[in-house]
Each structure stands twice: as structure tokens, then as C-alpha cells.
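Notes to accompany the following structure.
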Amino acid sequence: MGETIKLTAEDGFACAAYRAEPSGTPKGGLVVIQEIFGVNDHMRGVADRFAEAGYLAIAPALFDRDRPGIELGYTPADIEKGRDHRAAVGWDGPLMDVAAAMKEAAKAGKTGTVGYCWGGSVAFLSATRLNPAATVCYYGGQIAQHKDEKPHCPVMMHFGEKDGGIPMADVEAVKAARPDSTVHVYDAGHGFNCDQRGDYDESCAATALDRTLAFFAEHVG
């Protein structure tokens, strides 16, 4: 369903992106923002599912600013590598790449952003610093430190109550700071949407996806 394309950000940097196109007329566009494991097989599958739901899905390779072509698995060593790449790229460059992906996705109409893990935090910043029509954040561990930034669009967040990396105190702080956002908490751990991770929870993932698609149907198309 998908293909690899090139995007050019406002600073002139070119990054790869996975582009998944729906079979019929798109309902709109979605930018799918990666975990710390790169645009790997799982993230391409996520983009494919959004395309199957009717959206033009673009997943920019945000680690290209550090090293092109990074695709990691989910071992402890991979997690360490992913954290190193995340630290290397920072926030500003990835957000420029997300903006470039939004421009590409906007060819299909109104465009939203959706991110997972580190991408959940990047997605939140896209809502506060860019101009998506709507944003969905899955277990973004750095949202709490940016919680006082005001989104410019409707935002939905998904967190796992058993997430070892995101304390519930952080989730409650986000809820208190952002009453303008919808926050769902699941009986699950971190990465519960990823069927390649130990904390995968099929039921919670399905519920979160249903809510996400209903949210985008309302705000994107």
C-alpha cells in the first residue's frame, strides 16, 4: 500500500517518509509520528491502517537528522539506541519535518497528527506550535514537561495506567493543566498499541483506535 518519498523541511533538510494512500478519495490527511524505534515495520503498519480507514497517511523519518534509515526493534539495546537518536535530534528539527509532512498530507484535505511514545510528545508539540486540525497523542512521556503550552486544535491523549515510564502523577498534572484536551487512561502499560511489544493489549489498542478514528472523523473528515 505504501511507498517511500522525500520531504523537504523549511530549513532545507530532506528526510524520508512513508506514504500510505487510501484506495478511494481521502477523507483527509494524517501525519503519523514515530516511536523512538524509527519508521519501522510497526509504524508503517500503523500508517497502513489509517490509510485503510480512508486517510492519506505520511510517516516522516524523524531520526534522519541524526542518521538516515534507522529502523530498530524492541530489545533493551534498541531502546538505548532509540533514546540516543532522540536526544541527538531534539525537538525543533523533528517539528520542521512534521510540518513538511503536514504540507504533503494536506494535499488530501484537512490534516491531523498522531504520535506514539516519543512521537506522542512530538504530536502534542505539533498541536501547540504548528497548525493541525486535530492531534492524538499515545503515551507521550514528555507531554507533562510541556503541559502549559496551549494547543491550537482539539487534542486527545491515551495513557496506560501501568506505564512504568510515565507516572500517573504526570498524567494527572497533564489533565489539570489541559482541561481543553480529552485524556483517556487504560488498564495497560507503555506501548500498549504495538503488537510487537510485551505490553501490547489488544482490547485497549482497539478501544483507543476506535476513539482516535471517531475523533479524526469529527475534526478532520
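Only helices (runs of 4 or more DSSP H) wholly contained in the stretch 14-113 count here; list those with 2 or more residues that are surrounded by 19 or more Cβ atoms within 10 Å (Cβ to Cβ) and aliphatic (A, V, I, L, M). Working first, answer last.
Numbers: elements: 41-52, 76-89, 92-105.
Passing ranges, in order: 41-52, 92-105.
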**OP:** Looking at (1) more than 22 Å from residue 63 (Cβ to Cβ); (2) free of Cβ contacts under 8 Å to residues at least 24 places away in the same chain; (3) surrounded by 20 or more Cβ atoms within 10 Å (Cβ to Cβ), find the lone condition where residue 186 falls short.
**Re:** (2)
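Please verify whether residue 88 is closer than 22 Å to residue 217 by Cβ and at pLDDT 95 or above, treating the condition exactly as stated. Let's see the steps before the verdict.
Details: closer than 22 Å to residue 217 by Cβ: no; at pLDDT 95 or above: yes.
No; evaluated as a whole, the condition is false for this residue.
For the stretch 2-13, give me each residue that is assigned to a loop (DSSP other than H, G, I, E, B), over 15 Å from residue 102 (Cβ atoms) and touching a residue at least 24 places away in the same chain (Cβ under 8 Å).
Restricting attention to the stretch 2-13, the residues satisfying the condition of being assigned to a loop (DSSP other than H, G, I, E, B) are 9-13.
Those left that are additionally over 15 Å from residue 102 (Cβ atoms): 11-13.
Listed by number, the residues that qualify are 11, 13.
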**OP:** Tell me, yes or no, whether the stretch 177-186 has at least one residue that is among the hydrophobic types (A, V, I, L, M, F, W, C) and closer than 25 Å to residue 40 by Cβ.
**Re:** no
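Can you find a residue that is of a type in the set (Lys, Arg), more than 26 Å from residue 39 (Cα to Cα) and free of Cβ contacts under 8 Å to residues at least 24 places away in the same chain anywhere in the stretch 148-157? So that I can check it myself, show each step before the final result.
Step one: list which residues in the stretch 148-157 are of a type in the set (Lys, Arg), which gives 150.
Next, from what is left, pick out any that are more than 26 Å from residue 39 (Cα to Cα): 150.
If we keep only those that are free of Cβ contacts under 8 Å to residues at least 24 places away in the same chain too, we end up with none.
No, because not a single residue in the stretch 148-157 is of a type in the set (Lys, Arg), more than 26 Å from residue 39 (Cα to Cα) and free of Cβ contacts under 8 Å to residues at least 24 places away in the same chain.
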Original post:
Can you tell me which residues in the stretch 120-133 are out of contact with any Ser or Thr (no Cβ under 9 Å at 6 or more places or on another chain) and of a type outside the set (S, T, N, Q)?
Top reply: 120, 125, 129
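The values are calculated or read from the model by the stated rules, or taken from the named source; none is laboratory data. Only a predicted model underlies this, so the values are computations on that prediction, with no experimental measurement involved. As a convention, Cβ positions derive from the backbone with ideal geometry for all residues, glycine included, and neighbour counts pool all protein chains shown.
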